[in-house]
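The values are calculated or read from the model by the stated rules, or taken from the named source; none is laboratory data. Everything numeric in this text was worked out from a predicted model, so none of it was measured. Cβ sites come from the backbone with ideal geometry, for glycine too, and all protein chains shown count toward neighbours. When the accessible area is computed, the model is the full protein with side chains, heavy atoms only, and any ligands, DNA or RNA have been set aside. Shrake-Rupley method; radii C 1.70, N 1.55, O 1.52, S 1.80 Å.
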Protein chains: 2
Amino acid sequence: MKPRIQKIFQNLSPAPDALVFANAVDPHLDQTFFYVFDVPAGLFEGSVAIAHPDGKLDILTASLEAETAREAAKRDPNVEVHVIGRDETDAEAKRILGGATTIGLNYRELTHEWFLRLERAFDDAKWVDASNAIRRARVTKDPNEIQLLRKAAEIGSKVGREIPGLLKAGMTELELAAEMEYRMNRFGASGRSFSTIVAFGPHSAEPHYSPAETKLKAGDSIVCDFGAYYRRYASDITRSYHFGRRDDEMKRVHETVEAAQKAALEAIRPGVPAKEVHLAAQRVIDASPWKGRLTHGVGHSIGLVVHDGWAYAGTAEDPLEVGMAITVEPGIYLPGHGGVRIEDDVVVTKTGYEFLTTAPREYIEVAA
Amino acid sequence: MKPRIQKIFQNLSPAPDALVFANAVDPHLDQTFFYVFDVPAGLFEGSVAIAHPDGKLDILTASLEAETAREAAKRDPNVEVHVIGRDETDAEAKRILGGATTIGLNYRELTHEWFLRLERAFDDAKWVDASNAIRRARVTKDPNEIQLLRKAAEIGSKVGREIPGLLKAGMTELELAAEMEYRMNRFGASGRSFSTIVAFGPHSAEPHYSPAETKLKAGDSIVCDFGAYYRRYASDITRSYHFGRRDDEMKRVHETVEAAQKAALEAIRPGVPAKEVHLAAQRVIDASPWKGRLTHGVGHSIGLVVHDGWAYAGTAEDPLEVGMAITVEPGIYLPGHGGVRIEDDVVVTKTGYEFLTTAPREYIEVAA
């Protein structure tokens, strides 16, 4: 009995006879395949997972990753691995699904091509969109997932602590990003969980900036937004620094963002609509001289991908639940001048929240 | 007039009134969005591209990446950027598509959820699967694409030349992978194009191995398979090395793989079925003491993703065309002992091929 599979089925009423997760070619892989099949490595392009209401799981895969799949299945008596040729997938799926008439699919991560292929193979099946049930299951994490998220967050935090020591006048944003990603890998990441953002000076006022050849110079604000993958689980952390020559305004901006994040964190509690977390941060910022300078939602769910399921802003009614892993990332952006964002990953607990990320959040001025 | 858009339409008969490329949430992004819209950075989650038979392009995107989109559109009078709210996408798409009745979609990279959303928005449209037309267009590269592929390949080649100098007894596979990825970024990559493979000793006999804590020791074969992204274009290169204590068998294996690759490369010519490239390599290996030890197809197309469109093995009838960018990567694997793979990226030319990757391919023994 695999609890994650049961968790998905519990969110479906009436429950379908089976759930099918079908991977196309990278990057078009259904992350739910890896949610139900705990396999640490491998792409599993073209592979299919069939999950049953009794919590059993069938994995259909080609010989390329057969060993990896078998190794993972050894640890779990609920998983059966079927190694097949690429053109045998449909027939093997039919054999396994037998008399199943209602089949749940993850419309959100299934390609339309795969859907049509399934429709041809199972011409009298009734299809059920299980996307929301899957999202609901994946959005609250079990202890194993939290352990992996914590590990990914620790890697990010270690890098966050090292950034001040890496800053040198004249270095480019891309150079700093390369140093940060190198350290993530050295600290045990299997890679970055998204394209690292490093923004110097006025660029730090652009929330989704891509690092380029801009050189670091005294007086610059610095925003670093980055994350690691650890055994498929992601972290997402932002730290802001100031380089050289004091800028009193940016120091106060930093302190305001820190206060906004504290207020947001204090709003976290099971049952609270997610918007309250956003609004708590927004209230602090809108009561400051930088009213209106929070230009994005304050957070999102994090898990097998960095944007895992949903994001929240001032209108999100979804209530927080114990075990949700979310980011809390207010920011203030002064176009043409600079920006500050502070982002942490937390898990919702019975009484509030627990930090996953831990690097210092306060204003840090690095000598130029 | 955007030639890439025209190239897709030319492959569709009858041509639809428009092509729509819709991105879901990362990683479920249609790479064709970035094929028709030459924008160097940004994720463009939830964004839509509408391509017209006259080669014009409409981009529908939210404010988050509006500046990036506008900047890219400035360089191209055929592109119009529409900055809209997330919930205005369907209405704006309807306005732009006006009287279009047949609409082409990329079923292969479109989520089923997006398809249903389009079906609701355009209730009397006739949908056309443009996947194959898109693949056909994308599989032969234009000069701009070749320039970016060459740049990505050069980054990989530079790293390949540095690997012998990085090898130290006792280092782990993950450590070497971290050093390699660090150098790719320092040499200008925006990231790796896939999970770096570093395999020491017996692991080098597993073609799709994931690097772990195995330590390098004298006598080990080493396989490094890695690639860079440069402005969204990928490279994919494999080099094999030997560490310390001479192993005569592995030296001969290396020489055989090199000869197999040479034979494969010599088979490349426009009009030749791709299988001939595979079979040329296979014949060399099957005439050696390691008959049957080539256990995978010899190559694949490379472009906006590392597996860009198709792969070829001994049965691929698709003829090679001028401008195709492909990998040529024979290998010999001796389970429990070690493996050798040599992989280069090449472009098919009128008379044969041109290398994109350039690092030395011959047997290199690094002193332990």
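Select, from B:Arg186, B:Arg246, the only residue that is among the charged types (D, E, K, R), open to solvent by 10 Å² or more (accessible area, probe 1.4 Å) and within 14 Å of another protein chain (Cβ to nearest Cβ). Spell out how you get there, then give the answer.
Numbers: B:Arg246 fails: within 14 Å of another protein chain (Cβ to nearest Cβ).
Just one listed residue meets the conditions, B:Arg186.
Just for segment B:210-220: of the residues that are free of Cβ contacts under 8 Å to residues at least 60 places away in the same chain and among the hydrophobic types (A, V, I, L, M, F, W, C), which one is nearest to the other protein chains (Cβ to nearest Cβ)?
Out of the qualifying residues, it is B:Ala212.
Does A:Ala199 qualify as being within 26 Å of A:Val306 (Cα to Cα), in a strand (DSSP E or B) and of a type in the set (Gly, Ala, Ser)? Let's see the steps before the verdict.
Working: within 26 Å of A:Val306 (Cα to Cα): yes; in a strand (DSSP E or B): yes; of a type in the set (Gly, Ala, Ser): yes.
Considered against the rule, which asks whether it is within 26 Å of A:Val306 (Cα to Cα), in a strand (DSSP E or B) and of a type in the set (Gly, Ala, Ser), A:Ala199 comes out as yes.
Condition check: over 19 Å from A:Ile146 (Cα atoms), at pLDDT 95 or above, part of a strand (DSSP E or B) and away from every other protein chain (no Cβ under 14 Å). Does A:Val340 satisfy that? Can you show your working first?
Working: over 19 Å from A:Ile146 (Cα atoms): yes; at pLDDT 95 or above: yes; part of a strand (DSSP E or B): yes; away from every other protein chain (no Cβ under 14 Å): yes.
The answer is yes for A:Val340.
Can you find even one residue in segment A:153-168 that is open to solvent by 20 Å² or more (accessible area, probe 1.4 Å), part of a loop (DSSP other than H, G, I, E, B) and over 16 Å from A:Tyr229 (Cβ atoms)?
Yes; the residues of segment A:153-168 include at least one that is open to solvent by 20 Å² or more (accessible area, probe 1.4 Å), part of a loop (DSSP other than H, G, I, E, B) and over 16 Å from A:Tyr229 (Cβ atoms).
Can you name every residue in segment A:169-186 that is outside any helix (DSSP H, G or I) and touching an Asp or Glu at 6+ places or on another chain (Cβ under 8 Å)?
Keep residues of segment A:169-186 that are outside any helix (DSSP H, G or I), which gives A:169-172.
Within segment A:169-186, just A:Thr172 meets the criteria.
Rundown of residues vs (1) surrounded by fewer than 18 Cβ atoms within 10 Å (Cβ to Cβ); (2) more than 25 Å from the chain's Cα centre (by Cα), yes/no style:
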site	(1), (2)
B:Thr61	no, yes
B:Leu64	no, yes
B:Asp76	yes, yes
B:Val83	yes, yes
B:Arg86	yes, yes
B:Tyr107	no, no
B:Glu113	no, yes
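Scan segment A:42-59 residue by residue and report those that are open to solvent by 10 Å² or more (accessible area, probe 1.4 Å) and without any contact (Cβ under 8 Å) to a residue 40 or more places away in the chain. Explain how you work it out, then say what you get.
Filtering segment A:42-59 for residues open to solvent by 10 Å² or more (accessible area, probe 1.4 Å) gives A:42-43, A:45-46, A:52-54, A:56, A:58.
Of everything in segment A:42-59, those that are open to solvent by 10 Å² or more (accessible area, probe 1.4 Å) and without any contact (Cβ under 8 Å) to a residue 40 or more places away in the chain turn out to be A:Gly42, A:Leu43, A:Glu45, A:Asp58.
Only one of A:Leu320, A:Leu304 is in contact with a strand residue (DSSP E or B) (Cβ under 9 Å, 6 or more places away or on another chain) and free of Cβ contacts under 8 Å to residues at least 60 places away in the same chain. Can you tell me which? Working first, answer last.
Working: A:Leu304 fails: free of Cβ contacts under 8 Å to residues at least 60 places away in the same chain.
Every option except A:Leu320 fails the conditions.
Among what's in segment A:291-321 and is β-branched (Val, Ile, Thr) and more than 14 Å from the chain's Cα centre (by Cα), pick the residue that is surrounded by the most Cβ atoms within 10 Å (Cβ to Cβ).
So the first thing to find is which residues in segment A:291-321 are β-branched (Val, Ile, Thr), and the list is A:295, A:298, A:302, A:305-306, A:315.
From what is left, the residues that are more than 14 Å from the chain's Cα centre (by Cα) are A:295, A:298, A:315.
Details: A:Thr295: 15, A:Val298: 30, A:Thr315: 11.
Only one residue tops the list, namely A:Val298.
Against the definition (at pLDDT below 95 and among the hydrophobic types (A, V, I, L, M, F, W, C)), how does A:Ala212 come out, yes or no?
Details: at pLDDT below 95: yes; among the hydrophobic types (A, V, I, L, M, F, W, C): yes.
Yes.
Go through segment A:124-179 residue by residue and tally those that are aliphatic (A, V, I, L, M) and farther than 30 Å from A:Gly104 by Cα.
Selection size over segment A:124-179: 13.
What about B:Ile8, is it part of a strand (DSSP E or B) and touching a residue at least 12 places away in the same chain (Cβ under 8 Å)? Walk me through it before giving the result.
Numbers: part of a strand (DSSP E or B): no; touching a residue at least 12 places away in the same chain (Cβ under 8 Å): yes.
No; evaluated as a whole, the condition is false for this residue.
How many residues does segment A:221-255 contain that are out of contact with any Phe, Trp or Tyr (no Cβ under 8 Å at 6 or more places or on another chain) and either among the acidic types (Asp, Glu) or free of Cβ contacts under 8 Å to residues at least 40 places away in the same chain (or both)?
Going through segment A:221-255 one residue at a time, the tally reaches 5.
Would you mind telling me which numbered condition in (1) out of contact with any strand residue (DSSP E or B) (no Cβ under 7 Å at 6 or more places or on another chain); (2) assigned by TED's automatic domain parsing to the domain that holds A:His52; (3) buried (at least 20 other Cβ atoms within 10 Å of the Cβ) A:Arg150 fails?
The failed condition is (2).
Considering each of B:Ala137, B:Ala199, B:Ala130, B:Ala152 in turn, give the residue that is modelled with pLDDT of 95 or more and under 24 Å from A:Ala72 (Cα atoms). Step through it out loud before you land on a result.
Numbers: B:Ala137 fails: under 24 Å from A:Ala72 (Cα atoms); B:Ala130 fails: under 24 Å from A:Ala72 (Cα atoms); B:Ala152 fails: under 24 Å from A:Ala72 (Cα atoms).
Every option except B:Ala199 fails the conditions.
Residues B:Ser240, B:Ser288: which one is outside any helix (DSSP H, G or I), buried (at least 23 other Cβ atoms within 10 Å of the Cβ) and on the phi < 0 side of the Ramachandran plot? Write out each step before concluding.
Details: B:Ser288 fails: buried (at least 23 other Cβ atoms within 10 Å of the Cβ).
Answer to the check: B:Ser240.
Out of curiosity, is B:Ala177 open to solvent by less than 10 Å² (accessible area, probe 1.4 Å), within 14 Å of chain A (Cβ to nearest Cβ) and under 22 Å from B:Gly303 (Cα atoms)?
no
Are there any pairs with C-beta distances below 6 angstrom linking a residue in segment B:83-98 that is more than 17 Å from B:Ala51 (Cα to Cα) to a residue that is part of a helix (DSSP H, G or I) and open to solvent by less than 40 Å² (accessible area, probe 1.4 Å), with the two at least 6 apart or on different chains, and if so which?
The qualifying pairs are B:Ile84/B:Glu92.
Anything in segment B:212-227 that is assigned to a loop (DSSP other than H, G, I, E, B) and within 22 Å of B:Pro330 (Cβ to Cβ)? List them, or say none. Quick ask: steps written out before the conclusion?
Taking segment B:212-227 as the starting set, the residues that turn out to be assigned to a loop (DSSP other than H, G, I, E, B) are B:212-214, B:216-220, B:227.
Once the filter is applied, which keeps residues that are assigned to a loop (DSSP other than H, G, I, E, B) and within 22 Å of B:Pro330 (Cβ to Cβ), segment B:212-227 yields B:Asp220, B:Gly227.
So in segment B:191-209, with the set limited to residues that are within 8 Å of another protein chain (Cβ to nearest Cβ), in contact (Cβ under 8 Å) with a residue 12 or more places away in the chain and surrounded by fewer than 23 Cβ atoms within 10 Å (Cβ to Cβ), which one is farthest from the chain's Cα centre (by Cα)?
Selected residue: B:Glu206.
Can you tell me which residue within segment A:11-25, out of those that are more than 14 Å from every other protein chain (Cβ to nearest Cβ) and open to solvent by 30 Å² or more (accessible area, probe 1.4 Å), is nearest to the chain's Cα centre (by Cα)?
Pass one, segment A:11-25, residues more than 14 Å from every other protein chain (Cβ to nearest Cβ): A:11-19.
Adding the requirement that they be open to solvent by 30 Å² or more (accessible area, probe 1.4 Å) leaves A:11, A:13-15, A:17.
Values: A:Asn11: 22, A:Ser13: 28, A:Pro14: 30, A:Ala15: 28, A:Asp17: 30 Å.
Here the residue is A:Asn11.
Are there any strands (runs of 3 or more DSSP E) wholly within segment A:26-141 with 2 or more residues that are within 13 Å of another protein chain (Cβ to nearest Cβ), and if so which? Outline the logic, then answer.
On the way: elements: A:48-51, A:57-61, A:79-83, A:102-105, A:126-129.
Those strands (runs of 3 or more DSSP E) span A:102-105, A:126-129.
Starting from residues that are outside any loop (DSSP other than H, G, I, E, B) and under 15 Å from B:Ile146 (Cβ atoms), keep the ones in segment B:345-368 and report whichever is nearest to the chain's Cα centre (by Cα). Explain how you work it out, then say what you get.
Kept after step one, since they are outside any loop (DSSP other than H, G, I, E, B), are these residues of segment B:345-368: B:345-348, B:353-355, B:365-366.
Among the residues that remain, those that are also under 15 Å from B:Ile146 (Cβ atoms) are: B:345-348, B:353-355.
On the way: B:Asp345: 10, B:Val346: 12, B:Val347: 13, B:Val348: 15, B:Tyr353: 18, B:Glu354: 17, B:Phe355: 15 Å.
Looking at the filtered set, the residue picked out is B:Asp345.
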